[in-house]
C-alpha cells in the first residue's frame, strides 16, 4: 500500500492537474460533456484505465456532468496512486 501524501505534496501536484481540488481526504473534479452519451463514453474510458492500474475512482453520473472522486481507501487518504490516476483521467478527455 502506498503511503499517504503530505499536504504540501498534494498541493504541489494539484498545480499540474487543472480543475482538480482537494476535499478533505479525496481529490475531485467535475467534467461536463455536451451529451449524456459523450459522458458515458468518458466513463467507459476511465473504467478501462482504472482496471489497468487496479485503482478505481468513485464516479457520479449526473446527466452531462461526471464527477470523479479519488482516494486510496486502504491508506485512509490521498496517495501517489490517486495523483497518477487523476493525470490519466485528464488524458482521456476528448479535446
Practice item. Return yes when residue 28 is closer than 13 Å to residue 89 by Cβ and at pLDDT 95 or above and no when it is not. Key: yes
Practice item. Could you tell me whether the range 34-50 includes any residue that is part of a strand (DSSP E or B) and surrounded by 14 or more Cβ atoms within 10 Å (Cβ to Cβ)? Key: no
Review point. Which residues, counting only those in the range 33-52, are closer than 17 Å to residue 90 by Cβ and either at pLDDT below 95 or within 14 Å of the chain's Cα centre (by Cα) (or both)?
Key: 42, 43, 44, 45, 46, 47, 48, 49, 50
Exercise for review: Output yes when any residue across the range 43-53 is touching a residue at least 12 places away in the same chain (Cβ under 8 Å), under 20 Å from residue 1 (Cβ atoms) and in contact with a strand residue (DSSP E or B) (Cβ under 6 Å, 6 or more places away or on another chain), and no when none is.
Suggested key: no
Exercise for review: Would you please name the residue that is surrounded by the most Cβ atoms within 10 Å (Cβ to Cβ), looking only at residues in the range 58-75 that are touching a residue at least 12 places away in the same chain (Cβ under 8 Å) and more than 18 Å from residue 43 (Cα to Cα)?
Suggested key: 72
Point to revise | Test: residue 19 is touching a strand residue (DSSP E or B) at 6+ places or on another chain (Cβ under 6 Å), closer than 12 Å to residue 67 by Cα and assigned to a helix (DSSP H, G or I) | key: no
Exercise for review: Taking the residues in the range 76-95 that are touching a residue at least 24 places away in the same chain (Cβ under 8 Å) and not in a helix (DSSP H, G or I) as candidates, determine which candidate is nearest to residue 3 (Cα to Cα).
Suggested key: 79
Check your understanding: What pairs can you find where one residue is in the range 1-14 and under 19 Å from residue 53 (Cα atoms), the other is modelled with pLDDT of 95 or more and in a helix (DSSP H, G or I), and their Cβ atoms are less than 6 Å apart, with a gap of 6+ or different chains?
Key -> 2/80; 2/81
Practice item. Read through the list (1) modelled with pLDDT of 95 or more; (2) touching a helix residue (DSSP H, G or I) at 6+ places or on another chain (Cβ under 9 Å), then give the number of the only condition that residue 94 fails. Key: (1)
Review point. Among the residues of the range 4-16 satisfying the criterion of being part of a loop (DSSP other than H, G, I, E, B) and surrounded by fewer than 11 Cβ atoms within 10 Å (Cβ to Cβ), which is farthest from the chain's Cα centre (by Cα)?
Key: 6
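The values are calculated or read from the model by the stated rules, or taken from the named source; none is laboratory data. Worth saying up front: this structure is predicted, and the values here are computed from it rather than measured. A quick note on method: Cβ atoms are made from the backbone with ideal geometry, for glycine too, and the neighbour counts reach across all protein chains shown.
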